[in-house]
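Following: one structure in structure tokens, then a few remarks.
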Amino acid sequence: MKKTNSIIKTAKETILIESDAIANLANLIDADFEDAVNFILNSNGRVIVTGIGKSANIANKIVATFNSTGTPAIFMHAADAIHGDLGNVQKDDVVICISKSGNTPEIKVLVPLIKNYGNKIVAITGNKDSYLGENADFTLNAYVEKEACPNNLAPTTSTTAQLVLGDALAVCLLNLKGFTSRDFAKYHPGGALGKRLYLRVSDLVENNEVPKVNESDSIAKVIVEISEKRLGVTAVLNNDNLVGIITDGDIRRMLSKTTEINQILAKDIMGKNPKTISTEAMAIDALNTMENNSISQMLVVDNNNKYVGVVHLHDLIKEGIF
């Protein structure tokens, strides 16, 4: 038990140390941050993000965030840069250089080379008075009082601070560019996330059966239609106009009241004014409507409000949206 308590205590201390440091970053945001964002926004090149050691790992993540939110970026390892990879830096590119101390040998070699190329440097460093901090065009203060490591050695709090500043840059750029969920979908077409952003109802119903009966059809025909189309529902039409819906639940409720069904017609048990959704609606909207109304299928209509099919909860589950 004592060992367990010690683990929990250490975990909580680590989280609190890092969270306090991150909260303090808000106090360190200054005009250099704003100027850096505006310069990147108005530049004609890409963002090159570089660092060494654990800062290089953070640089990779920042690059991924930039690319997924509409700011073209590439990663360049600081050590590799001075051994040939500096060719990645092209005219008009902006270089973000990440270093806790700002005084590592690789950084001291790299910074003047970049400046000789005429590229602007944005520093993310915990030491504004360092070589990097003083020679960068824009310096973002990533100062932390201490690492979460009990020896104050392993990069923990400092790398978290670097990552947060990278996120802040990306989100500021995203907002200024008016980057929307549709834009996001273009960069994330795969997986459930992408499908939530681009998949439409029309994509789901195109291969489904289209169950339908006329309002004057017998219940026997309704039962056959629902059974054959296997969607648990059928639309009810009058001269091709949608007037109602019958679900397998409606059939069961009818049979629980009477077995004399020969004289019953579709219009006698249909639900009027059924909930519908447009083919152009997003699939996620269909899911939300189903959840809000505790239903498992919806009738789909086109732009002219003509019935075209059924979207079922199983379609959404199959696509990984649910």
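The values are calculated or read from the model by the stated rules, or taken from the named source; none is laboratory data. Since we're looking at a predicted model, the values are computed, not measured. Positions of Cβ are backbone-derived with ideal geometry, glycine not excepted, and every protein chain shown enters the neighbour counts. Areas reflect the complete protein model, heavy atoms only, side chains present, ligands, DNA and RNA absent. Shrake-Rupley method; radii C 1.70, N 1.55, O 1.52, S 1.80 Å.
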For the stretch 43-185, the charge dipole (Cβ of Lys, Arg +1; Cβ of Asp, Glu -1; about the Cα centre) points to a positive end, and the Cα of T159, N88, G178 closest to that extreme belongs to G178
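Looking at the stretch 90-168 only, what percent of DSSP beta bridges run antiparallel? Nearest 5 please.
0 percent
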Treating only Lys and Arg (+1) and Asp and Glu (-1) as charged, each at its beta carbon, one finds that the chain has a dipole about its Cα centre, in Debye to the nearest 20, of 640 debye
Relative to the chain, whose Cα atoms define the longest principal axis, helix 248-257 and its Cα axis are tilted in degrees, nearest 10, by 40 degrees
Between the residues I98, S202, M290, the Cα farthest towards the positive end of the dipole of the chain, that dipole coming from +1 and -1 charges on the beta-carbon of Lys, Arg, Asp and Glu, is from M290
CD proxy, 222 nm, the chain: helix-only mean residue ellipticity via -39,500 (n - 2.57) per DSSP H run with n ≥ 4, per residue, nearest 500, stands at -14500 deg cm²/dmol
Computed over the chain, the relative contact order (Cα-Cα under 8 Å, seq sep at least six) in percent reads 14 percent
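With both partners inside the stretch 203-322, how many of the DSSP beta bridges are antiparallel, as a percent to the nearest 5?
Antiparallel bridges: around 70 percent, rounded to the nearest 5.
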Once V89, V210 are ranked on solvent-accessible area with the largest value leading and a 1.4 Å probe, the list reads V210, V89
The chain: antiparallel bridges as % of DSSP beta bridges, rounded to 5, reads 35 percent
Under a 1.4 Å probe, counting only protein heavy atoms, C172 has an accessible area in Å², nearest 10, of 50 Å²
Reduced to Cα centres, the span from the stretch 256-322 to the stretch 1-42 in Å works out to 48 Å
Over 28 Å (Cα to Cα) among K12/K128; K229/K318; K54/K115; K100/K177; K100/K120; K61/K120 -> K12/K128; K100/K177
Carbon/sulfur accessible area of the chain, % of total, 1.4 Å probe, equals 50 percent
Unit-weight point scatterers at every alpha-carbon of the chain, Debye formula, q = 0.07 1/Å: log10 I(q)/I(0) is -0.51
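If you count only protein heavy atoms with a 1.4 Å probe, what accessible area per residue comes out for the chain, rounded to a whole Å²?
Working: 16930 Å² over 322 residues.
Solvent-accessible surface per residue comes out at 53 Å².
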Rounded to the nearest 10 Å², the 1.4 Å probe accessible area of I226 is 20 Å²
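Would you list Y307, Y131 from the most to the least accessible area, probe 1.4 Å?
Descending order: Y131, Y307.
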From most to least accessible, 1.4 Å probe, no ligand or DNA/RNA atoms counted, H312, H77 line up as H77, H312
Using alpha-carbon positions, the gyration tensor of the stretch 17-102 gives root eigenvalues a ≥ b ≥ c; with a/c under 1.5 called rounded, otherwise prolate if a/b exceeds b/c, else oblate, the class is oblate
To the nearest 20 debye, the stretch 244-322 has a Cα-centred charge dipole, built from +1 on Lys and Arg Cβ and -1 on Asp and Glu Cβ, of 300 debye
In this structure, the FRET efficiency calculated for D92 and D203 from their beta-carbon separation, with R0 = 35 Å, to the nearest 0.05, is 0.35
